[in-house]
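Written out below as structure tokens is the structure these notes cover.
The values are calculated or read from the model by the stated rules, or taken from the named source; none is laboratory data. This one's a predicted model, so the numbers in the text were calculated from it and none came from an experiment. Positions of Cβ are generated from backbone atoms using ideal geometry, with glycine treated the same way; all protein chains shown enter the neighbour counts.
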């Protein structure tokens, strides 16, 4: 049995809180069990050099962890430099969130999404995507209110969830203890209409059979389905 | 009149919440008005090289700000490197907290205090010291519980508060708007018995008369007196 | 029609050349069309700190590109620092190659695999894995010859190939031009027995239907099947 | 008795030498006992970005120590990077020197003050401020000579001195040996008219009584009074 | 006797291969015995800031070594940063190649020469210069073809070779084993008309007599004379 | 005619001052005309890792320039990082000084020579070598006095001087103005018995005839001959 009596296909309790960072243009504190991520969005009136004068906007993400977020304290990346893991995660978050909206409808604005993990118990990159998408939605609404955008562009809901194989069984939304002992590890970023945005699956113990991947994908579709309920809430 | 109808010698509403980072050995979320700082303490079983084999412990601090904590987003120091301001602040926090306890009673342990600003509205370094001291107290209590220390050493309560001169008048506990227009800026770190641990005062508009310093020091003594009430709470 | 009259399920011409770096313990120059990667393996008589005294070995990878390997010259990472993309790729290569062999049979040795791209025309990370695996095989054989290992441990053949969706059609082993216009991008790392080691698939144009993923996976299984023919060659 | 038979309120012998760096716009070699600091000023025809088009100038400082300046050789910061201590000191020097003159009278010029310690025997930051102010004065005079400024703006003399508590007694202008054993440490930056620009005082052995601070401030006022005699000399 | 039965004044077998990096504007793989260097040239339509609007071009070089190029693996400079040796070598290559052509005939173009050592067996800096000069020649020819230059400017052939004193005897073109045991080490960069561009000679075992330098210079003149035969080949 | 009415073969006025950095084990302020370099030597009781347990010592150098030493202020390398030029120079100084003494007679000590340029007017690397050698001599004498060495080992005097070709004429000891307009530039490091330690000569305007090199070498031999007179002085 999983911790908290969860069944294999159950998410941990989850919630979002809007506006926790009043200086940000949009902010969401997302909790997936004991994983807590603060997602803040800043809207800038310029785009990166490679998009100059193309009449479109951009969405990008940065990811960090407070040193005490993890079981054993992590070195502050302001001292040690960005790790490979951080690079990998923030690139994934950025790519995923750019699928939310037609960038040509954003004007020459950059939405910079900061995802900072206050407490980590597995699944921080997925929580960052799910929470970050809601913070982007909030920031876009505020842009309209403040006249920085003429109208809210159509949004594609985006959410992400982990799945894995633990003790031979496919399970959804792994906590840290499960993640540490999983034979296969996967992350699924999906859109509200059930399509895929990014999938990644990694053998931990040894190569795995493609059917296990299919089973994990089915769990993830069910899990993101529930997370899209958060899109009914608003900041 | 000050924002929130505060009188010149009034603190902003303040509170602390313990245990917000369960992986830390001690953690406190301190709120001074809209300034919110998360202070987490990690106890390590070793000391820095310069203290090797001297039979004493060490307390040190690191300070950071989430990018969206400030009015305009700050660059992540994991990308830009530690600023001079950050160096200055974390050295001040470390020096101040080392006054709390006789380091020779800590065994060969390092208490590493992470102060991360979630929202900034003036006075973040002072809030970090006041909150960090409570988090150290909590961590020491836990060390005793877990047998890492034979007994709780005597603790000297430490707290810090800012003062300044705004429009010619000495005021206590400046928020960001006041801080930006202050003619003189000061920070006072004091002990529970009314003595001084560190004082710093800086002319912003032009040199100032020593009497203004005395007036600020009196406000600060009154302010820290109230903050020491937090030492009755416990994590 | 694809460049070089390739069908959708065809690999580009590929070949390997062994021993091109005589100072390395194993080296392979792999060519997949105009993508040329030099893979060199160095065997060290120690393991990273986290594996100290666990009686096992380690395999790790580093990845680089010569500045003139790409269409427009890339900045030398010795000057600009490792990019996020490089971090991401070398972590993938390392994870994949560690699946080749039971690390507890390697003794306390580290196999350090350097993958340097001499010319890039799409698929450099996959070529690095396929070529790197052969270079590891060569290095292990040399370790046995030189008495650094008592016997060759059982090896799981590993190879990788890209797939994608271009103009609505799933295709195998994309070159740079195809990769630049693909709607979906995927990389598959597979073992000689048809199982999966790592799969990654990313929407470029917009979310995609899961069936497209299945079609790409089938192409990839066929492609890696051909690449495993390289395991009959020897250095 | 203090070294060199000094009384508690006596400065060490001090002197300045002008023009030691002929390429600089102003330069002063200041000696306070065995503390020797070379202060060079460079005038640039631009201001930092945040002052662009505000019609004012800027004064900023950098601080360094030759490796052999100290008892045990210090690592060269060109190799190790700027320490927190260096950041803290150069920020203090810059803030202090900006009080010398109404920046709006400098035109769009930056005065960059380099303070390099040739020999260190305590009080290097104070010597840097006292000497740096004289070098700025010299550079401004040269700007007028060369037509880069229409007229010399009014200058507020600035000087700095340390004070401390050693063996229970307040003393002025500590040398390294005294500084190492002081119970309280303080630096005072003052203006020629007896007002304060920056004061900093730090407990070393334990919290201290406010009266000790007052005693140190009185010593410092007397000490800077003597240092202002240097303003009669000229480069 | 030298390895490979070489006489004291003999070069190792040498050859060049053009066009190995199709994305570069000019590329040459040069082999001097077991030293193999890939030289790629990129032509950029701009010049460094210090040459802005002077109506001339620039030639600059970067140098690197693949980690497995050397007897014991070298740390990747993308991780460790550029070494002093690399700085020294790439500055030498750049200075030498700038002598090939009147820079005012290049238009406002920068030729960036990347020299990457695939295998190192002594003499890599000299091989980089000799090969780099041929790659520059190839790139200039291509600039004319593509209309980026009106006509090929007159070129001064440039080549470089090492010499040394081994066991008391002056020898030409040292391999790694000879270089490691040489008493004197020298590099000569010469022009096709027998003049000198750069000479460097270093005592390894102890100071040396000037006649030994003369003997090495004569060997080098003979050696570069043979290398200039490569200028008859073409890319 | 040269500045200061110097003939082509004349050195600028030169002098040394010993003991200017009392904390160093040896220190020399050398002046060659308006080039002033402070050379400080620190003796450490350990050797670099590659010499561990070989029973010999080491001599190494670091080189720096104060920002105001040059005509236009140089960026502080503590901020910008070590330049290629600095790397090149400090490697040259270290190699040259290691020729002074049989390293196996130094015990397991490292002599670390810091050469910091206070004012630069051409020839700073040569002045660093000449002054550094005298500072090493002073430090070795002090090691004997303090019992860190049993006896003074035999010393080979080392000195360095620049030469060049200006307006077609070979000249000795170039100042900055000459250096900037020289057609050929050279540095000669020589030993007291007239042998060579390191020679470097670089074409600035175009390739040069070997006879010019010979003429420069003769000037340099005469120049270093005079500099060796400094070895009669003592610290």
Only listed residue being within 14 Å of chain E (Cβ to nearest Cβ), crowded, with 24+ Cβ neighbours inside 10 Å and within 15 Å of the chain's Cα centre (by Cα), chosen from C:113, C:158, C:117: C:113
Qualifying positions in the stretch A:171-214 - within 21 Å of residue A:120 (Cβ to Cβ), more than 7 Å from chain C (Cβ to nearest Cβ) and within 18 Å of the chain's Cα centre (by Cα): A:172, A:173, A:174, A:175, A:176, A:179, A:185, A:186, A:187, A:188, A:189
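Residue under question is residue E:37, and the condition is that it be at pLDDT 95 or above, within 12 Å of chain C (Cβ to nearest Cβ), closer than 16 Å to residue E:139 by Cα and touching a helix residue (DSSP H, G or I) at 6+ places or on another chain (Cβ under 8 Å); does it hold?
Values: at pLDDT 95 or above: yes; within 12 Å of chain C (Cβ to nearest Cβ): yes; closer than 16 Å to residue E:139 by Cα: no; touching a helix residue (DSSP H, G or I) at 6+ places or on another chain (Cβ under 8 Å): yes.
Here the answer is no, as residue E:37 does not meet what is asked.
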Meets criteria (surrounded by fewer than 23 Cβ atoms within 10 Å (Cβ to Cβ), under 14 Å from residue E:131 (Cα atoms) and in contact with a strand residue (DSSP E or B) (Cβ under 8 Å, 6 or more places away or on another chain)) for residue E:18: yes
Which numbered condition residue E:79 misses (of (1) more than 25 Å from residue E:233 (Cα to Cα); (2) within 12 Å of chain C (Cβ to nearest Cβ); (3) crowded, with 18+ Cβ neighbours inside 10 Å): (3)
Every pair of residues 6+ apart whose Cβ atoms lie under 6 Å, when the first sits in the stretch A:207-235 and is at positive phi and surrounded by fewer than 22 Cβ atoms within 10 Å (Cβ to Cβ) while the second is assigned to a loop (DSSP other than H, G, I, E, B) and modelled with pLDDT under 95: none
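Could you look through the stretch A:24-34, keep only residues that are within 9 Å of chain B (Cβ to nearest Cβ) and part of a loop (DSSP other than H, G, I, E, B), and pick out the one that is farthest from residue A:112 (Cα to Cα)?
We begin by selecting, within the stretch A:24-34, every residue within 9 Å of chain B (Cβ to nearest Cβ); these are A:24-25, A:27, A:34.
Applying the additional criterion that residues be part of a loop (DSSP other than H, G, I, E, B) yields A:24-25, A:34.
Numbers: A:24: 10, A:25: 10, A:34: 25 Å.
Result: A:34.
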Residue count for the stretch C:12-23, restricted to those that are within 16 Å of residue C:161 (Cβ to Cβ) and either without any contact (Cβ under 8 Å) to a residue 12 or more places away in the chain or outside any strand (DSSP E or B) (or both): 2
Wholly within the stretch C:43-153, helices (runs of 4 or more DSSP H) carrying at least 3 residues that are farther than 27 Å from residue E:22 by Cβ: C:84-98, C:124-145
Some residue of the stretch F:196-206 being surrounded by 19 or more Cβ atoms within 10 Å (Cβ to Cβ), touching a residue at least 24 places away in the same chain (Cβ under 8 Å) and out of contact with any strand residue (DSSP E or B) (no Cβ under 6 Å at 6 or more places or on another chain): no
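Residue-by-condition table, conditions (1) closer than 25 Å to residue D:208 by Cα; (2) out of contact with any helix residue (DSSP H, G or I) (no Cβ under 9 Å at 6 or more places or on another chain); (3) not in a strand (DSSP E or B):
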position: B:186; (1), (2), (3): yes, no, no
position: B:202; (1), (2), (3): yes, no, no
position: B:215; (1), (2), (3): yes, yes, yes
position: B:218; (1), (2), (3): yes, yes, yes
position: B:224; (1), (2), (3): yes, no, yes
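Could you list, in sequence order, all residues of the stretch C:125-143 that are in contact with a helix residue (DSSP H, G or I) (Cβ under 7 Å, 6 or more places away or on another chain) and in contact (Cβ under 8 Å) with a residue 60 or more places away in the chain? Spell out the reasoning first.
Of the residues in the stretch C:125-143, the ones in contact with a helix residue (DSSP H, G or I) (Cβ under 7 Å, 6 or more places away or on another chain) are C:125, C:128-130, C:132-134, C:136.
Correct list: C:125, C:128, C:129, C:130, C:132, C:134, C:136.
Which residue out of B:55, B:84 is away from chain A (no Cβ under 14 Å), surrounded by fewer than 21 Cβ atoms within 10 Å (Cβ to Cβ) and farther than 18 Å from residue A:80 by Cβ? Before you say what the answer is, go through the steps one by one.
Numbers: B:84 fails: away from chain A (no Cβ under 14 Å).
Just a single option satisfies the conditions, and that option is B:55.
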Counted residues, the stretch F:35-58 - those being under 19 Å from residue F:125 (Cβ atoms) and out of contact with any strand residue (DSSP E or B) (no Cβ under 6 Å at 6 or more places or on another chain): 1
Residue C:73, sole failed condition from (1) more than 23 Å from residue A:86 (Cβ to Cβ); (2) within 14 Å of chain E (Cβ to nearest Cβ); (3) modelled with pLDDT of 95 or more: (3)
Scope the stretch E:58-68; condition at the interface with another protein chain (Cβ under 7 Å from one of its Cβ atoms) and either closer than 24 Å to residue E:148 by Cα or in contact (Cβ under 8 Å) with a residue 24 or more places away in the chain (or both); matching residues: E:62, E:64, E:66
Matching residues in the stretch E:87-110 - criterion: being buried (at least 19 other Cβ atoms within 10 Å of the Cβ) and more than 14 Å from chain F (Cβ to nearest Cβ): E:106, E:109
